[in-house]
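Below is one structure, written out as structure tokens, with a few remarks after it.
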Amino acid sequence: MGRAIEAVDRLGPQASLDTLAAEMNMSPAHFQRLFTRWAGVSPKRLQQYFTLGHAKALLENRFTTLDTAHAAGLSGGGRLHDLFLRWEAMSPGDFAKGGAGLTIYWGWFESPFGPALVMGTDKGLCGIGFAAETTAEHAMSDLSGRWPRATYVEDPIRLRPWVMAAFGQTDQGPVPLYLIGAPFQIKVWEALMRIPTGHVTTYSEIARSIGHPKAVRAVGTAVGRNPVSFLIPCHRALRKSGGLGGYHWGLPVKRALLAWEAARVDAEDAPPARLEA
């Protein structure tokens, strides 16, 4: 499905179902059925969310004021992974040790957005990175370099239940996160987790919500250093202008995340089809 989404984006709205299916070496009917079952919307519907104006439209119609989002119940509607997270943070003192004494397990997994490098401790997931726009070696160096004194053990079996729940393949209850970062970074990441699925906010709104309205640049840096992509949704932070801004794992991945979420939410919000007599 990661390759399918990339094809939908790359080939553009003019691409027919036959063309998309040929890219995946499938029959049109099989591709349509498989894609719709996973994405919740048809390939043609998802194409509409890859237009250049999609980010601006989200900012105009789905802008979230973080102070009121949670109180309004927007992030508790059961969509995607919103109800599946619980988290705790490493203490500032432990963070300053660079991961010394910490065992971090890691493994590679297939995800809807390309190969995903996932890391976790005994307490929960602490890292998710995507390699669709970079190499596996770069992704590994990037995440492991954040906690240079930790001990790294390859153990995908240990992580698999959390990963399957995170990507919606099972419903095993809340996915635990173990946030390893500086206190300011964790404040920013906590704010990101208050942005509902299918909605967006701005870097300046995040800065205001954490009590540092002038620290927009620092907020942007903290957003970019988010180690748990997708579950801590840094892809939902945009510029005031409606521009996508940056994304640590590549703008094509950010666009795919936003388009996929918006399409799924719109599909859930659509009224049920009515049968005509």
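Quick notes on this structure:
- Database remark: amide H of residue 238 closer than 5 angstrom to the amide H of 201, 202, 203 (H placed geometrically; neighbours at sequence offset of 5 or more, or on other chains; Pro and chain starts carry no H).
- One chain, two ends: residue 94 and residue 3. Fully extended at 0.36 nm per residue, the span grows by 28.8 nm beyond their Cα-Cα distance.
- Here segment 57-263 is described by how far its Cα atoms reach on the three principal axes: 44, 36, 31 Å, from widest to narrowest.
- Stokes-Einstein, applied to the Kirkwood radius of segment 164-250 over Cα pairs at a viscosity of 0.692 mPa s and 37 °C, places its translational diffusion at 244 µm² s⁻¹.
- Relative packing of 116-128, 245-257, 145-157, which averages over residues the other C-beta atoms within 10 Å, highest first: 116-128, 245-257, 145-157
- Lys, Arg +1 and Asp, Glu -1 on Cβ, resulting dipole of segment 57-263 about Cα centre, debye, nearest 20: 620 debye
- Each DSSP beta bridge with both residues in segment 57-263 is either parallel or antiparallel, and the antiparallel ones are about 45%.
- Label zone (residue 10, point 7 Å along Cα-to-C-beta; backbone nitrogen cut-off 19 Å) within segment 109-152: 110-116, 130-136.
A short reminder: the numbers here are calculations on the coordinates, not readings from a lab. From a predicted model like this one, the values you see are computed outputs, not experimental measurements. Positions of Cβ are backbone-derived with ideal geometry, glycine not excepted, and every protein chain shown enters the neighbour counts.
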